[in-house]
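**Student:** Before I ask anything, here is the structure I am working with.
The values are calculated or read from the model by the stated rules, or taken from the named source; none is laboratory data. Keep in mind that this is a model prediction, so the values were computed, not measured. Neighbour counts run over all protein chains shown; Cβ positions are idealised from the backbone, glycine included.
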Amino acid sequence: MTKLTLTTAEDLEQILEWIAADPYHKGDPRCVAEGLLSGAGNGVLTFCLQDDVGPLCFVRLDAEGEVLRLSTQFGPEEQVSKRRLVTGLLEAGIPAIILFAKERKYKGIVFESIFPSLIAFMDKQGFKAAGGDDYMLTFGE
């Protein structure tokens, strides 16, 4: 069963490990582990997507004008298989993010990536190139 949970200080060590193991986020000054903890003004919403085995990814949504910016720290593939991650994202993660955004009247969701397989996966979910390294899902009126 996939679920969304609050992130707490107890998650900090794992988030730090996952950032350090991520070649796309390691060393990026924008990737601050504490920014993925729930509360304390960290984004509009932060959570951990989990399945029965454990955490799959940590998520932060920030208001950026009329859209929400999605930031995600995925677990290393040695700990979180692509199958588990995709199942969790499709079952609960993406639907919850879309529902949250629509309920709060945002016009879409945007994320930044240069990782080809993530871009291809999100394209299948309706995200399209929006300039630079951004990809956006827009909601119809």
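**Student:** Does GLY41 satisfy being more than 13 Å from the chain's Cα centre (by Cα), modelled with pLDDT under 95 and more than 25 Å from GLY132 (Cβ to Cβ)?
**Tutor:** yes
**Student:** In addition: With in contact (Cβ under 8 Å) with a residue 24 or more places away in the chain, in contact with a Gly (Cβ under 9 Å, 6 or more places away or on another chain), under 20 Å from ILE109 (Cα atoms) and not polar (S, T, N, Q) as the only criterion, which of LEU49, LEU70, LEU45 stands out?
**Tutor:** Of the residues listed, the single one that is in contact (Cβ under 8 Å) with a residue 24 or more places away in the chain, in contact with a Gly (Cβ under 9 Å, 6 or more places away or on another chain), under 20 Å from ILE109 (Cα atoms) and not polar (S, T, N, Q) is LEU49.
**Student:** A further question on this structure: Do you know which of the residues in the stretch 10-29 that are without any contact (Cβ under 8 Å) to a residue 12 or more places away in the chain and within 17 Å of SER113 (Cβ to Cβ) is farthest from the chain's Cα centre (by Cα)?
**Tutor:** Restricting to residues being without any contact (Cβ under 8 Å) to a residue 12 or more places away in the chain and within 17 Å of SER113 (Cβ to Cβ), the top hit is GLY27.
**Student:** So how many residues does the stretch 114-132 have that are assigned to a loop (DSSP other than H, G, I, E, B) and in contact (Cβ under 8 Å) with a residue 24 or more places away in the chain?
**Tutor:** The qualifying residues number 3.
**Student:** Restricting the search to the stretch 73-87, which residues are more than 24 Å from LYS107 (Cα to Cα) and surrounded by 13 or more Cβ atoms within 10 Å (Cβ to Cβ)?
**Tutor:** PHE74, GLY75, GLN79, VAL80, SER81, ARG84, LEU85, VAL86, THR87
**Student:** Return only the number of the condition from (1) touching a residue at least 40 places away in the same chain (Cβ under 8 Å); (2) touching a strand residue (DSSP E or B) at 6+ places or on another chain (Cβ under 7 Å); (3) among the charged types (D, E, K, R) that ASP62 does not satisfy.
**Tutor:** Condition not satisfied by ASP62: (1).
**Student:** Can you pull out every residue in the stretch 50-75 that is more than 9 Å from the chain's Cα centre (by Cα), of a type in the set (A, V, I, L, M) and in a strand (DSSP E or B)?
**Tutor:** Matches in the stretch 50-75: LEU56, ALA63, VAL67, LEU68.
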